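Undergrad: Structure provided below as C-alpha cells; questions to follow.
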Amino acid sequence: MIDLKLTEQDPHAPIRYQYAVDRVLYTGKSEYQEFAVVTNPFFGRMLLLDGVVQFTDRDEFYYHEMMAHVALHAMPAPRRVIVIGGGDGGVIREILKHPTVEQAYLVDIDPEVTRVSREFFPAVAAGLDDPRVVHAPMDGALFMRQFEGHADAILVDSTDIVGFATSLFTADFFDRARAILGPDGAFVTLSESLHFHFEMVRQVQETLATVFPRVDLYTAPLATYGGNWWCFATGTNGLDLRAPARPPVTPTRYYCADIHRSCFLPDFLYRRLMEPGRTGF
Ligand code: SAM
C-alpha cells in the first residue's frame, strides 16, 4: 500500500493531526475554498475544506445531531429553521426528522459544498431534495440582513472562525438572529474547543451576551475537530434549552434525552470560563 499521509491545517489548533490516506477521491477548488475528499482506514470518507477536516463518515452524526437536536427538542413544535453554512446537508437531515418542521432554509455561501456532498456523501446529503428545504446559496450575514420573516431556530454550521466565516460571529449578526427569532426561538453556533480555544469560546459567549437575554454552552465529543471537546454556544430571548420539551425524534445514534440534559457546561465550569483573563480551567 502506498503510504499517503495528510497533515491537517487547522487554523487555530496548537497541534497538527496526521491522517493515513488510502485513496484521494476528489480534489478541486471553488470560488471560496479548496476541496479534498479522501478515505482513511478508520474514519472512512473525509471532507476537507482548505485543508481542515469538516466531517467523516464515521463520526459526522455526533456533530450533526448535536447541532440540530438540542435547540429543536427544547421547543414543543419547531416549524421554521434557518441553517447558515452546512451546505453538505448533515444538519438539514437531522432537522427534517422533526415532524413539525415545515421549512428549513439552507444558506451556504458555496454551492460546490452541496454538489460534492451529494456525490461523495449521499448519506449526509440525504435530505437535500426534501420539498421543505429552501436552498439559498449566499453569504449567511447578507441573508440574515435581507430576511424578513420569522424563524424558530437559527443554527450556524460554519467553517472555523476565520476568513469569510468571521462575519457569522459578530454582534451585528447575533443581533439580527435575535430579531428574527420569536420569544421562544433559539440560536446555536459552533464555538470551537474548550481544550484549544478557551479564550475564543469565552469571546463568543461574551458577544452573544451583549445581544441575547439568555446565553448558554453545551459540548460534544468529536474525534476529528481540533481539541475534541467541541462547543455549541446558544442564545435565546428567554427560552431555557437545558431540558427537552418532548421525547426524542428517531432514529438518532448519539442524541437522546439523557445526553440533552447532561451536555451543558456545569455552572462552576461556566463561571470559570467567563473569568476575564483565564486561559483554561
Ligand atoms: N461542521 C463543520 C466544521 O466545523 O468543520 C463545518 C461543515 S460545513 C461544510 C461549513 C460550511 O460553512 C461550508 O460549506 C462553508 O461554505 C460555509 N460557510 C462559511 N462561511 C459562510 C458564510 N459567511 N455564509 C454562509 N456559509 C458559510
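Undergrad: Hey, what's the per residue convex hull volume over the C-alpha atoms of the stretch 10-157, in cubic angstrom?
TA: So the per-residue Cα hull volume is 117 Å³.
Undergrad: If you average the sequence gap of Cα pairs under 8 Å that are 6 or more apart and divide by the length of the stretch 131-223, what percent do you get for the contact order?
TA: Worked out over the stretch 131-223, it gives 28 percent.
Undergrad: State the percentage of accessible surface on the stretch 150-201 attributable to carbon and sulfur atoms; use a 1.4 Å probe and exclude ligands, DNA and RNA.
TA: Roughly 53 percent of what the probe reaches on the stretch 150-201 is carbon or sulfur.
Undergrad: Using a Gaussian network for the chain with springs between C-alpha atoms less than 10 Å apart, which of these wobbles most: Ser262, Ser191, Ser117?
TA: Taking springs between Cα atoms under 10 Å, the residue moving most is Ser262.
Undergrad: Same structure, new question: Evaluate the stretch 145-281: find the radius of gyration of its Cα atoms, find its Kirkwood radius, and give the ratio Rg to Rh.
TA: Result for the stretch 145-281 is an Rg/Rh of 0.95.
Undergrad: Simple spin-label model, 7 Å along Cα-to-Cβ: Gln103 to Arg23 in nm?
TA: About 4.1 nm, to one decimal.
Undergrad: Leaving out ligands and nucleic acids, note down the accessible area per residue over the chain with a 1.4 angstrom probe, in whole Å².
TA: I get 42 Å² per residue for the chain.
Undergrad: Here is a further query. Report Rg (one decimal) and Dmax (nearest whole number) for the stretch 218-281, counting Cα atoms only, units Å.
TA: In Å, with Rg to one decimal and Dmax whole: 13.9, 42.
Undergrad: Can you find, among Cys256, Leu142, Leu273, the residue sitting farthest towards the positive end of the charge dipole of the chain, where Lys and Arg contribute +1 and Asp and Glu -1 at Cβ?
TA: So the residue we want is Cys256.
Undergrad: Just how large is the dipole of the stretch 85-201 about the Cα centre, in debye to the nearest 20, putting +1 at every Lys and Arg Cβ and -1 at every Asp and Glu Cβ?
TA: Here the size comes out at about 180 debye.
Undergrad: A further question on this structure: Set the Förster radius R0 to 35 Å, insert the Cβ-Cβ distance between Thr166 and Arg214 as r into 1/(1 + (r/R0)^6), and round the FRET efficiency to 0.05.
TA: 0.90
Undergrad: With both partners inside the stretch 1-158, how many of the DSSP beta bridges are antiparallel, as a percent to the nearest 5?
TA: Percentage antiparallel, nearest 5: 60.
Undergrad: Over the chain, what is the relative contact order in whole percent, taking alpha-carbon pairs under 8 Å and six or more residues apart?
TA: It comes to 16 percent, rounded to a whole number.
Undergrad: Express in whole angstrom the spacing between the alpha-carbon centres of the stretch 109-139 and the stretch 227-241.
TA: So the two Cα centres are separated by 25 Å.
Undergrad: What whole number of Å gives the distance from the Cα centroid of the stretch 38-63 to the Cα centroid of the stretch 142-170?
TA: Computed from Cα coordinates, the inter-centre distance equals 23 Å.
Undergrad: While we're here: Which whole-number percent is the relative contact order of the stretch 94-252 (Cα, under 8 Å, 6+ apart)?
TA: This gives 19 percent for the stretch 94-252.
Undergrad: Restricting to bridges with both residues inside the stretch 43-118, how much of the DSSP beta-bridge set is antiparallel, in percent to the nearest 5?
TA: Restricted to the stretch 43-118, the bridges split so that about 45 percent are antiparallel.
Undergrad: For the pair Asp258 and Leu142, what calculated FRET efficiency results from E = 1/(1 + (r/R0)^6), where r is the Cβ-Cβ distance and R0 = 35 Å, to the nearest 0.05?
TA: 0.35
Undergrad: Put +1 on the Cβ of every Lys and Arg and -1 on every Asp and Glu Cβ in the chain; which of Ala243, Pro111, Ala179 then has its Cα farthest towards the positive end of the dipole?
TA: Final value for the positive-end residue is Ala243.
Undergrad: Could you sort Cys256, Cys263 by accessible area so the largest value comes first, with the probe set to 1.4 Å?
TA: If we order Cys256, Cys263 from most to least accessible, we get Cys256, Cys263.
Undergrad: Using +1 on the beta carbon of Lys and Arg, -1 on that of Asp and Glu, and nothing else charged, what's the dipole of the chain about the Cα centre, debye to 20?
TA: Using Cβ point charges on Lys, Arg, Asp and Glu, the chain gives about 580 debye.
Undergrad: Using just the alpha carbons, could you tell me how many Å³ per residue the convex hull of the stretch 62-137 encloses?
TA: It is 74 Å³ per residue.
Undergrad: Hey, what number do you get for the chain at 222 nm if only DSSP H runs of n ≥ 4 count, each worth -39500 (n - 2.57), divided across all residues, to the nearest 500?
TA: The helix-only estimate for the chain comes to -7000 deg cm²/dmol at 222 nm.
Undergrad: Quick one: Cα convex hull volume of the chain, Å³ per residue?
TA: 119 Å³
Undergrad: Still on this structure, I have one more. Through the Karplus equation 6.51 cos²θ - 1.76 cosθ + 1.60, θ set to phi - 60°, convert the phi angles of the stretch 140-157 into ³J(HN,Hα) values in whole Hz; use x for Gly and Pro.
TA: Calculated HN-Hα couplings, in order: x, 5, 5, 3, 5, 5, 8, 5, 9, x, 10, 9, 8, 8, 10, 10, 9, 10 Hz.
Undergrad: Here's another thing I want to ask about it. Express as a percent, rounded to the nearest 5, the fraction of DSSP beta bridges in the chain (both residues included) that run antiparallel.
TA: Of all bridge pairs located within the chain, approximately 65 percent are antiparallel.
Undergrad: Suppose every K and R has +1 on its Cβ and every D and E has -1 on its Cβ; what is the size of the dipole of the stretch 44-133 about the Cα centre, in Debye to the nearest 20?
TA: Charge dipole of the stretch 44-133: 320 debye, to the nearest 20.
The values are calculated or read from the model by the stated rules, or taken from the named source; none is laboratory data. This structure is a prediction, so every number in the text was calculated from the model and none was measured. Virtual Cβ from ideal backbone geometry, glycine too; neighbours counted across all protein chains shown. Surface areas here come from the heavy atoms of the whole protein model, side chains and all, with no ligands, DNA or RNA. Shrake-Rupley method; radii C 1.70, N 1.55, O 1.52, S 1.80 Å.
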